[in-house]
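S.K.: Quick one: structure below, then a few questions.
The values are calculated or read from the model by the stated rules, or taken from the named source; none is laboratory data. Computed from a predicted model, the values in this text were never measured in an experiment. For neighbour counting, all protein chains shown are included, and Cβ atoms are generated from backbone atoms with ideal geometry for every residue, glycine included. These area figures cover heavy atoms from the full protein model, side chains too; ligands, DNA and RNA do not enter into them. Shrake-Rupley method; radii C 1.70, N 1.55, O 1.52, S 1.80 Å.
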Amino acid sequence: MPIDLRLDPHELSILNDLYEFTVAAAFFERGMNGAASFEVMVRRFPPSRGYMIAAGLERVLEILEDFHFDAAATDHLESLHLFKPEFLHHLSQLRFTGSVRALADGSIFFPGEPVMEVRGPLIEAQILEPLILNQLGFASLTATKAARCFSVASGRRLMEFGLRRGQGADATLIAARSSYLAVFSGTSNLLAGKRYGMPVFGTMSHSFIMAYESERQAFEDFARMFPKLNTMLVDTYDTAQGVRNVAELAQRLAREDIKIQAVRLDSGDLYQLSRQSRAILDQHGLTDVAIFATGNLDEYRIADLIRAGAPIDAFGVGTALTVSDDAPSADYTYKLADYLGRPRLKTSAGKTTVPGRKQVFRGIDAGGHFSQDLVGLMDETPSSVAREFKPAVSKITPMLQPVFANGQRAIVPATLDESRDHFMTEFALLGAKQRSLTNPAVYPVRLTAALNAMTISARLRAEQLQD
């Protein structure tokens, strides 16, 4: 029997919720399998988020390319004694034949804006709901957390160190990838480095120091064994003395052309210890030895340390990022927007949806920054909505782009480096008020007049559906 950690790609079709299949079976029985459009959006942002970063698109497209039900999957569904043979045969032949429009990975988006539209035969599009939400939701949360760290780091290097406390093996891969997308320098996760071509970083463990009878000897042995990867962990015992031991070693090894790269602070008052460490290193002429800080860091602590003037050159961010600890979930939804050419909406209290196939139009002001967004109908254009931007904007960009058509990719897959570049371009245009870590300004997002009119009309029709 395979170990439970393994996820066979052939199992993805039943990494799913049971109700998706009961609903799909009912659709099949009634012959309801016409063209349907589902849209993904975040209804409300988690606390303190003025923006979010789109991520996870490439994983979704990989799933769609190979989505199928093998014999083991249909046999399992049959064992539940819920589904007719005809429906199971339909599933055995099913492939995703539809289309997808989406925001590119690395794009910035705001509440109420579609980030993806999945269009295809109703049964195909319905069954995909859990997988798509699963992949987009967590990737976006961790990319956003990483972006918040990047926004306050003032150019200092950031590394993702969260493998050991991540919520499962796959989640740590997603978090590592998302952090690199949001301009972290790399990760400690070797598999993420291999899979995504990311730089990997590591230092040493406290156990390495503790296993020696002498801290000095531990430092020297490590530096000689890894002359190009020798960040020294100095807080196993007294931190200041640990830094002095490193400084003395660095002066001796310099005569052999072995350079100590950095010291790592992992506990205690990082502000005071970084100042003390910098003073010791500088007194020994080691101004080029960097200070690397880790230990329960997040965007708030990084901001506080930089604001206070802590002489820290790089930060390792672990648990807080990898589990997105202050915002572990977002109100992602996957809702039917159009079926058989007719707009569809939900009117339940607090969960109302906007009907119809849509486009997001982003307005850029004269200064080159995000100004406001309009959510309009799919067939509207930048020129047709231009007059609805108030104040007027200098440029209007349609955000949802075709990425999948007729069951196949419509574009060349974006590399992680390309998504990273896209994020940096987008982030440079985001206003400071939306970047704020606390009480960020609400970015203006409105519906176009045409979409408003459609919504009113669809609401009136919806009232008749319960008669």
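S.K.: Look through Asp421, Asp373, Asp379, Asp417 and report the one residue that is acidic (Asp, Glu) and surrounded by 17 or more Cβ atoms within 10 Å (Cβ to Cβ). Show your work before the answer.
M.R.: Details: Asp421 fails: surrounded by 17 or more Cβ atoms within 10 Å (Cβ to Cβ); Asp379 fails: surrounded by 17 or more Cβ atoms within 10 Å (Cβ to Cβ); Asp417 fails: surrounded by 17 or more Cβ atoms within 10 Å (Cβ to Cβ).
Only one candidate qualifies: Asp373.
S.K.: Follow-up question, since we're still on this one. Here are Asn16, Asn33: which of them is within 27 Å of the chain's Cα centre (by Cα), at pLDDT 95 or above, surrounded by 12 or more Cβ atoms within 10 Å (Cβ to Cβ) and within 30 Å of Lys84 (Cβ to Cβ)? Write out each step before concluding.
M.R.: Values: Asn33 fails: within 27 Å of the chain's Cα centre (by Cα).
So the residue among Asn16, Asn33 that is within 27 Å of the chain's Cα centre (by Cα), at pLDDT 95 or above, surrounded by 12 or more Cβ atoms within 10 Å (Cβ to Cβ) and within 30 Å of Lys84 (Cβ to Cβ) is Asn16.
S.K.: So Gly106 fits all but one of (1) more than 26 Å from Pro440 (Cβ to Cβ); (2) open to solvent by less than 10 Å² (accessible area, probe 1.4 Å); what number is the exception?
M.R.: (1) is the only condition that Gly106 fails.
S.K.: Would you confirm whether any residue within the range 125-143 is at pLDDT 95 or above, within 18 Å of Arg49 (Cα to Cα), open to solvent by 10 Å² or more (accessible area, probe 1.4 Å) and among the aromatic types (Phe, Trp, Tyr)?
M.R.: Yes: the range 125-143 contains one or more residues that are at pLDDT 95 or above, within 18 Å of Arg49 (Cα to Cα), open to solvent by 10 Å² or more (accessible area, probe 1.4 Å) and among the aromatic types (Phe, Trp, Tyr).
S.K.: Mind listing just one residue for me: the one in the range 229-266 that is assigned to a loop (DSSP other than H, G, I, E, B) and basic (Lys, Arg) and, of those, nearest to His206 (Cα to Cα)? Steps first, answer last, please.
M.R.: Taking the range 229-266 first, the residues assigned to a loop (DSSP other than H, G, I, E, B) are 229-230, 234-238, 255-261, 266.
Subsequent filtering for residues that are basic (Lys, Arg) retains 255, 259.
Numbers: Arg255: 27, Lys259: 21 Å.
Restricting to residues being assigned to a loop (DSSP other than H, G, I, E, B) and basic (Lys, Arg), the top hit is Lys259.
S.K.: If you check every pair at least six apart or on different chains, which have Cβ atoms under 8 Å apart with a residue in the range 74-98 that is farther than 18 Å from Leu128 by Cα first and a residue that is among the small types (Gly, Ala, Ser) and open to solvent by less than 90 Å² (accessible area, probe 1.4 Å) second?
M.R.: Partner pairs satisfying both residue conditions: Leu82/Ala25; Phe83/Ala25; Lys84/Ala25.
S.K.: From the list Ala410, Ala386, Ala405, exactly one residue is surrounded by 13 or more Cβ atoms within 10 Å (Cβ to Cβ), in contact with a Pro (Cβ under 6 Å, 6 or more places away or on another chain) and not basic (Lys, Arg). Which is it? Steps first, please.
M.R.: On the way: Ala386 fails: in contact with a Pro (Cβ under 6 Å, 6 or more places away or on another chain); Ala405 fails: in contact with a Pro (Cβ under 6 Å, 6 or more places away or on another chain).
Every option except Ala410 fails the conditions.
S.K.: Could you check the range 1-13 and list, in sequence order, the residues that are open to solvent by 60 Å² or more (accessible area, probe 1.4 Å) and either among the charged types (D, E, K, R) or over 21 Å from Val118 (Cβ atoms) (or both)? I'd like the intermediate steps shown before the answer.
M.R.: Filtering the range 1-13 down to residues open to solvent by 60 Å² or more (accessible area, probe 1.4 Å) leaves 1-7, 9-11.
Met1, Pro2, Ile3, Asp4, Leu5, Arg6, Leu7, His10, Glu11, listed by residue number.
S.K.: Of the numbered conditions (1) out of contact with any strand residue (DSSP E or B) (no Cβ under 8 Å at 6 or more places or on another chain); (2) closer than 30 Å to Ser436 by Cα; (3) assigned to a loop (DSSP other than H, G, I, E, B); (4) open to solvent by less than 30 Å² (accessible area, probe 1.4 Å), Arg44 fails exactly one; give the number of that condition.
M.R.: (4)
S.K.: Just to be sure, is Ser324 over 18 Å from Ser107 (Cα atoms) and buried (at least 19 other Cβ atoms within 10 Å of the Cβ)?
M.R.: Numbers: over 18 Å from Ser107 (Cα atoms): yes; buried (at least 19 other Cβ atoms within 10 Å of the Cβ): yes.
Yes: the conditions hold for Ser324.
S.K.: Which of the numbered conditions does Ser329 fail, given that it passes all the others? Conditions: (1) surrounded by 14 or more Cβ atoms within 10 Å (Cβ to Cβ); (2) assigned to a loop (DSSP other than H, G, I, E, B); (3) hydroxyl-bearing (Ser, Thr, Tyr).
M.R.: So Ser329 meets the others, but not (1).
S.K.: Could we say that Tyr300 is hydroxyl-bearing (Ser, Thr, Tyr), closer than 29 Å to Lys145 by Cα and open to solvent by 40 Å² or more (accessible area, probe 1.4 Å) here? Reasoning before the result, please.
M.R.: Numbers: hydroxyl-bearing (Ser, Thr, Tyr): yes; closer than 29 Å to Lys145 by Cα: yes; open to solvent by 40 Å² or more (accessible area, probe 1.4 Å): yes.
Taking the combined requirement at face value, the residue satisfies it.
S.K.: Here is a follow-up. Identify, from the list Thr287, Thr322, the residue that is over 29 Å from the mean Cα position of the chain (by Cα), closer than 30 Å to Thr239 by Cβ and among the β-branched types (Val, Ile, Thr).
M.R.: Numbers: Thr322 fails: over 29 Å from the mean Cα position of the chain (by Cα).
Exactly one residue qualifies, and that residue is Thr287.
S.K.: Being closer than 18 Å to Ile258 by Cβ and open to solvent by 50 Å² or more (accessible area, probe 1.4 Å) is the filter here, so list the residues in the range 209-239 that pass it.
M.R.: Arg216, Gln217, Asp221, Arg224, Met225, Phe226, Pro227, Lys228, Leu229
S.K.: Moving to a separate point now. Quick check on Arg49: is it open to solvent by 60 Å² or more (accessible area, probe 1.4 Å) and among the basic types (Lys, Arg)?
M.R.: Values: open to solvent by 60 Å² or more (accessible area, probe 1.4 Å): no; among the basic types (Lys, Arg): yes.
Criteria not met by Arg49.
Residue by residue, here is whether (1) at pLDDT 95 or above; (2) over 18 Å from the mean Cα position of the chain (by Cα); (3) outside any loop (DSSP other than H, G, I, E, B) holds:
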{"position": "Ile411", "(1), (2), (3)": "no, yes, no"}
{"position": "Glu418", "(1), (2), (3)": "yes, no, yes"}
{"position": "Phe423", "(1), (2), (3)": "yes, no, yes"}
{"position": "Leu437", "(1), (2), (3)": "yes, no, no"}
{"position": "Ile456", "(1), (2), (3)": "no, yes, yes"}
{"position": "Leu460", "(1), (2), (3)": "no, yes, yes"}
{"position": "Glu463", "(1), (2), (3)": "no, yes, yes"}
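S.K.: What residue, of Asp75, Asp70, Asp66, is of a type in the set (D, E, K, R), surrounded by fewer than 19 Cβ atoms within 10 Å (Cβ to Cβ) and within 30 Å of Val360 (Cβ to Cβ)?
M.R.: Selected residue: Asp66, the only one of Asp75, Asp70, Asp66 that is of a type in the set (D, E, K, R), surrounded by fewer than 19 Cβ atoms within 10 Å (Cβ to Cβ) and within 30 Å of Val360 (Cβ to Cβ).
S.K.: If Ala250 satisfies all but one of (1) within 35 Å of the chain's Cα centre (by Cα); (2) buried (at least 18 other Cβ atoms within 10 Å of the Cβ), what's the number of the condition it fails?
M.R.: (1)
S.K.: All but one of (1) aliphatic (A, V, I, L, M); (2) open to solvent by less than 80 Å² (accessible area, probe 1.4 Å); (3) over 20 Å from Gly376 (Cβ atoms) hold for Leu465; state the number of the condition that does not hold.
M.R.: With (1) aliphatic (A, V, I, L, M); (2) open to solvent by less than 80 Å² (accessible area, probe 1.4 Å); (3) over 20 Å from Gly376 (Cβ atoms) applied to Leu465, the lone miss is (2).
S.K.: Residues of the range 376-400 being touching a Phe, Trp or Tyr at 6+ places or on another chain (Cβ under 8 Å) and assigned to a strand (DSSP E or B), which ones?
M.R.: Gly376, Ile396, Thr397, Pro398 - these are the residues of the range 376-400 that are touching a Phe, Trp or Tyr at 6+ places or on another chain (Cβ under 8 Å) and assigned to a strand (DSSP E or B).
S.K.: For residues that are assigned to a loop (DSSP other than H, G, I, E, B) and either touching a His at 6+ places or on another chain (Cβ under 8 Å) or of a type in the set (Val, Ile, Thr) (or both), tally how many sit in the range 267-317.
M.R.: Adding up the residues that qualify gives 4.
S.K.: Considering the range 155-169 alone, what residues qualify as being open to solvent by less than 70 Å² (accessible area, probe 1.4 Å), closer than 16 Å to Leu15 by Cβ and in contact (Cβ under 8 Å) with a residue 60 or more places away in the chain?
M.R.: Ala169
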